[in-house]
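*Asks:* Sharing a structure with you now.
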Amino acid sequence: MPELPEVETVVRGLRPFLQGQRLDRLLLRRADMRFPFPEGLSQRVSGKTMASIERRAKYGLIRFDHPEPLSLLFHLGMSGRMVCEEEVGLPFEKHDHVIFETAKGQVRFNDPRRFGFLDLIEGPDDENRFLGSLGPEPLGEQVTPAYLRTAFKDRASPIKASLLNQRLIAGLGNIYVCEALFESGIRPTRKTGSLKRAEVERLCTAIKGVLSRAIEAGGSSLRDYKQVSGELGYFQHAWSVYGRENDDCRTCDAPIKRIVQSNRSTFYCAACQR
């Protein structure tokens with residue numbers, strides 16, 4: 001599933017194509033994806049100007065220039081991608097389910113597995129069913145060592161589970177949590193409340209650093225993910241532990257281990273992470 005860096009890369013790629021443009025038509029080529037499309041969605045947004053393209057956690061948001069708050073939320077699911085086409089007359093691919101048409105061409109929401117979805121937000125974000133319970137952004141000013149110490153205090157759950165808890169920090173996923181824990185030297189099975197002040201400081205720095213470098217590299221291409229240009233992300237080549245079971249650690253040469261936590265694979269170095 002695309003994580004924060006991949007969604008941020010997609011949002012940045014969409015801005016030159018959609019931001020400030022009039023949405024001439026929203027073409028829905030089926031009745032649903034993961035969920036049914038909101039009733040009358042196409043009619044409610046077609047003809048409006050897309051004032052900004054933003055990201056919140058792992059969601060993209062198209063903000064419309066409208067007297068009242070109006071936003072179109074999109075989630076890429078497991079296999080979804082946005083494809084920009086300047087030539088409008090090209091044949092649709094089988095899994096092009098949603099088409100945004102503007103004077104610049106088309107943006108096609110392609111999703112073979114249909115785990116992606118759209119939702120219409122008419123009002124504040126915090127009243128939306130997907131956004132309302134999210135914690136602060138990991139790259140934002142609110143996520144500091146002091147914030148993490150308070151959020152982690154007395155928690156008995158493994159630190160990896162706490163980092164994946166979207167109510168505590170919004171947008172972290174399996175890949176980048178594994179990488180940040182390695183970079184900070186913290187074993188993923190440690191009890192969250194056991195982390196010392198210096199460890200929390202290292203972890204906060206590692207989270208921000210790993211995410212920033214991944215965004216710079218265009219995200220990680222794993223299975224279906226591509227940038228809106230069709231180009232692959234490159235951060236997978238820089239993974240220190242994720243997906244590298246039994247490979248030598250690049251720091252100490254010990255083999256990378258894999259365990260399962262909450263039905264997800266966790267990769268770590270038993271020598272480097274304590």
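The values are calculated or read from the model by the stated rules, or taken from the named source; none is laboratory data. Note that the structure is predicted; figures quoted are calculated from it, not measured. Note that each Cβ is placed from the backbone with ideal geometry, even for glycine, and that neighbours are counted across all protein chains shown.
*Asks:* Please work out which one of (1) part of a strand (DSSP E or B); (2) of a type outside the set (D, E, K, R); (3) closer than 21 Å to residue 81 by Cα is the condition residue 14 fails and give its number.
*Replies:* Status for residue 14: all satisfied but (1).
*Asks:* Something else about it: If you go through region 16-24 one residue at a time, do you hit one that is of a type in the set (A, V, I, L, M, F, W, C) and at pLDDT below 95?
*Replies:* yes
*Asks:* Keeping to region 233-265, report how many residues are in a helix (DSSP H, G or I) and surrounded by fewer than 15 Cβ atoms within 10 Å (Cβ to Cβ).
*Replies:* 2
*Asks:* State which residue pairs qualify: first residue on the phi > 0 side of the Ramachandran plot and inside region 246-259, second residue part of a loop (DSSP other than H, G, I, E, B) and modelled with pLDDT of 95 or more in any location, beta carbons under 7 Å apart, and separation of 6 or more residues or different chains.
*Replies:* Hits for this filter: 246/256.
*Asks:* Need at least 1 residues that are in contact (Cβ under 8 Å) with a residue 60 or more places away in the chain and in contact with a helix residue (DSSP H, G or I) (Cβ under 8 Å, 6 or more places away or on another chain) per element, so show me which strands (runs of 3 or more DSSP E) inside region 56-149 make the cut, counting only ones lying wholly within it.
*Replies:* In region 56-149, the matching strands (runs of 3 or more DSSP E) lie at 59-64, 81-85, 96-102, 105-110, 117-121.
*Asks:* At pLDDT below 95 and of a type in the set (D, E, K, R), is that true of residue 68?
*Replies:* yes
*Asks:* Within region 255-274, can you find the residues that are out of contact with any helix residue (DSSP H, G or I) (no Cβ under 8 Å at 6 or more places or on another chain) and either in the same structural domain as residue 202 (by TED's automatic domain parsing) or hydrophobic (A, V, I, L, M, F, W, C) (or both)?
*Replies:* If the condition is that a residue be out of contact with any helix residue (DSSP H, G or I) (no Cβ under 8 Å at 6 or more places or on another chain) and either in the same structural domain as residue 202 (by TED's automatic domain parsing) or hydrophobic (A, V, I, L, M, F, W, C) (or both), then 255, 256, 257, 258, 259, 260, 263, 270, 271 are the ones that fit.
*Asks:* Go through (1) in contact with a strand residue (DSSP E or B) (Cβ under 8 Å, 6 or more places away or on another chain); (2) under 18 Å from residue 95 (Cα atoms) and name the single condition residue 42 misses.
*Replies:* (2)
*Asks:* Can you confirm whether residue 182 is at negative phi, crowded, with 18+ Cβ neighbours inside 10 Å and in contact with a strand residue (DSSP E or B) (Cβ under 8 Å, 6 or more places away or on another chain)?
*Replies:* yes
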